[in-house]
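Inspection log for the structure reproduced underneath, given as structure tokens.
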Amino acid sequence: MCMNCGEHWVESKNFEDFRRVVRALHCPTRWLIIDCIKDGAKSTKEIFECLFKKDETVTSSGLYYHLAELKNAGIVEVAGYIEQKGAPQKLWKLKAKKIVIPLVEE
């Protein structure tokens, strides 16, 4: 967390962290997912509907894959669950709003 502004970010400490973030952000669908949740937590269903409104066609399994990649990179996180019939639905939120990549160690 940034002590000056209070925002969360992903800080890349090594090459593998950097690769994970770049790999997560290479896909335009993932940028649309970030845009869908930029203002607060959304359920998987709400994200799916948001993508549909943006003319992005993705299967539910494809959406889970994209969310998992963003989560593994530290960009999104599970904010909670919505109880419903069957399996509970995840709520997703941005974990990072900035990405910091130091080019040299201090």
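The values are calculated or read from the model by the stated rules, or taken from the named source; none is laboratory data. The shown structure was predicted, so the numbers you read here are calculated from the model rather than taken from an experiment. Cβ placement follows ideal geometry from the backbone for every residue including glycine, while neighbour counts extend to all protein chains displayed.
Return the residues of the stretch 86-103 that are free of Cβ contacts under 8 Å to residues at least 24 places away in the same chain and either hydroxyl-bearing (Ser, Thr, Tyr) or within 27 Å of Phe18 (Cα to Cα) (or both); say none if nothing qualifies. Before the answer, list the steps.
Within the stretch 86-103, the subset free of Cβ contacts under 8 Å to residues at least 24 places away in the same chain is 86-88, 103.
Residue satisfying the conditions is Leu103 alone.
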Exercise. Taking the stretch 45-60 as the search range and keeping residues that are under 18 Å from Ala87 (Cβ atoms) and within 16 Å of the chain's Cα centre (by Cα), which one is surrounded by the fewest Cβ atoms within 10 Å (Cβ to Cβ)?
Worked result: Ser60
Problem set entry | In the stretch 18-65, the residues that are assigned to a helix (DSSP H, G or I), touching a residue at least 40 places away in the same chain (Cβ under 8 Å) and within 22 Å of Ile99 (Cβ to Cβ) | Phe18, Arg20, Val21, Arg23, Ala24, Leu25, Arg30, Ile33, Ile34, Ile37, Ile47
Problem set entry | Residue check for Ala73: touching a residue at least 60 places away in the same chain (Cβ under 8 Å) and among the aliphatic types (A, V, I, L, M) | yes
Exercise. Residues in the stretch 19-34 that are surrounded by 16 or more Cβ atoms within 10 Å (Cβ to Cβ), modelled with pLDDT under 95 and not charged (D, E, K, R): how many?
Worked result: 3
Exercise. Can you find even one residue in the stretch 85-106 that is modelled with pLDDT under 95, in contact with a Pro (Cβ under 8 Å, 6 or more places away or on another chain) and part of a strand (DSSP E or B)?
Worked result: no
